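Peer 1: Structure in structure tokens, see below.
The values are calculated or read from the model by the stated rules, or taken from the named source; none is laboratory data. Values in this document were obtained by computation on a predicted structure and should not be read as measured data. We place every Cβ from the backbone using ideal geometry, glycine too, and count neighbours over all the protein chains shown. Remember, those area values only see protein heavy atoms, side chains included, never the ligands or the DNA or RNA. Shrake-Rupley method; radii C 1.70, N 1.55, O 1.52, S 1.80 Å.
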Amino acid sequence: MTGGALLLGLLALSMSTGAGVYGAVEVLHYLLGNQLAVADEKLVMVVETLRLPRTLAALVVGGSLAIAASLLQSATRNPLAEPGLLGVNAGAVLGLVIGLIFYGVESTRGYLLWSGAGALLGNLVVLGIGLMLGQASPLKLILAGVALAAIFGGLSNFMLLSTRVALEQFRFWNLGSLSATRLDAVGTVTPVALLGLALAGLLCRQLTLMQMGDSQARALGIHTTWVRLGVLVASTLLTACAISLAGPVGFVGFLAAYCARLIEPVALLRQLLFSTLFGMLFLLAADVLARWLLQPFELPVGTLLAALGAPALIAIVLRGGFRSLLAVR
């Protein structure tokens, strides 16, 4: 109840904050179909072009990154796993850079396709490393992810230097921002995100049993390879949706999954639900804060989240929070 009320409050705040002189009352009148409000062309432009798309995008991106992080944590048995920390986001960026330079990608579908291909590559490497390292090495997997992100980032930068047009198109998007989101882009991405969510829900029971170990799970009839393949597909779809809309936004998934696990340490389905809620709340709050801090300008939400999320990650590691989470597995 509290989470739902907080989400509604942040939705209202997001719709009331930003460019233009219109506040909550005018936006509410528009949403309720008030004739005077609907006839105000400037109000219509502010709501439909600026505030509504980025508000809906925050829900999709925040929820997608949170679910992807929860799935990766369960599949690798590593409570620090998250697309941004493991290099999956960097893989998606690399895929998109290839699409921009060699295929002239401009549409949301193109962004989704090429970022999905890059995220798939990143997920394959991450899950492979996770299987090799095992449950006892959460920090080693993060270090491997940092190295993977550096490799992907270096390749992306090298290719971008070859064409100025792609560099200009890529530069702002790479900061991670919801400000340029279009309503049709949200409509294109949302069905794919819902597909990833549905697949994640189907995998919950098997992933829960796999926390006891692969041998015990196989003894109970769980095909662990197929489950990890499902995680690969679902996390790739979700990461691609987030990247194609907002660029490489980090730390949202990690923080959301961490908070969800504190509330529900065992049941994975409930974890996913709480993680989705926290992901939406964190990204909505960060986007509103990014619009408010430097008015009339705004910060890229990815930059703000990096500034807030990195100290949180350091604090959790220093406190040994990941050890307590490993204990419940």
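Peer 1: Counting only residues that are modelled with pLDDT under 85 and under 16 Å from the mean Cα position of the chain (by Cα), which one in segment 85-107 is farthest from Gly145 (Cα to Cα)?
Peer 2: Leu85
Peer 1: Quick one: which residue in Val38, Val25, Val105, Val44 is free of Cβ contacts under 8 Å to residues at least 60 places away in the same chain and part of a loop (DSSP other than H, G, I, E, B)?
Peer 2: After ruling out the rest, the residue left standing is Val105.
Peer 1: Which residues, taken from segment 171-208, are in a helix (DSSP H, G or I) and buried (at least 20 other Cβ atoms within 10 Å of the Cβ)?
Peer 2: Listed by number, the residues that qualify are Trp173, Ala185, Val186, Val189, Ala193, Gly196, Ala200, Leu203, Gln206, Leu207.
Peer 1: If Leu85 meets every condition in (1) farther than 15 Å from Phe251 by Cα; (2) open to solvent by 20 Å² or more (accessible area, probe 1.4 Å) apart from one, which number is that one?
Peer 2: (1)
Peer 1: In the list Arg164, Arg182, which residue meets the criterion of being over 18 Å from the mean Cα position of the chain (by Cα) and among the charged types (D, E, K, R)?
Peer 2: Of Arg164, Arg182, the one residue that is over 18 Å from the mean Cα position of the chain (by Cα) and among the charged types (D, E, K, R) is Arg164.
One line per residue, one yes/no per condition, for (1) assigned to a helix (DSSP H, G or I); (2) at pLDDT 90 or above; (3) open to solvent by 60 Å² or more (accessible area, probe 1.4 Å):
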| position | (1), (2), (3) |
| --- | --- |
| Ala256 | yes, yes, no |
| Thr276 | yes, yes, no |
| Phe282 | yes, yes, yes |
| Leu313 | yes, no, no |
| Phe322 | yes, no, no |
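Peer 1: Would you check if there is a residue in segment 69-79 being more than 18 Å from Gly279 (Cβ to Cβ), modelled with pLDDT under 90 and open to solvent by 20 Å² or more (accessible area, probe 1.4 Å)?
Peer 2: Yes.
Peer 1: Kindly indicate the residue of segment 219-248 that is assigned to a loop (DSSP other than H, G, I, E, B) and open to solvent by 20 Å² or more (accessible area, probe 1.4 Å) and also modelled with the lowest pLDDT among those meeting that condition.
Peer 2: Filtering segment 219-248 for residues that are assigned to a loop (DSSP other than H, G, I, E, B) and open to solvent by 20 Å² or more (accessible area, probe 1.4 Å), the one modelled with the lowest pLDDT comes out as Leu220.
Peer 1: Something else about it: Determine whether Ala75 is of a type in the set (Gly, Ala, Ser), assigned to a helix (DSSP H, G or I) and farther than 19 Å from Leu284 by Cβ.
Peer 2: Yes.
Peer 1: Quick test of your reading of the structure: Gly213 fulfils all but one of (1) free of Cβ contacts under 8 Å to residues at least 40 places away in the same chain; (2) under 18 Å from Gly84 (Cβ atoms). Name the failing condition by number.
Peer 2: For Gly213, the failing item is (2).
Peer 1: Among the residues in segment 109-117, are any touching a residue at least 40 places away in the same chain (Cβ under 8 Å), in a helix (DSSP H, G or I), more than 20 Å from Pro191 (Cβ to Cβ) and open to solvent by 10 Å² or more (accessible area, probe 1.4 Å)?
Peer 2: No, there is no match, as no residue in segment 109-117 is touching a residue at least 40 places away in the same chain (Cβ under 8 Å), in a helix (DSSP H, G or I), more than 20 Å from Pro191 (Cβ to Cβ) and open to solvent by 10 Å² or more (accessible area, probe 1.4 Å).
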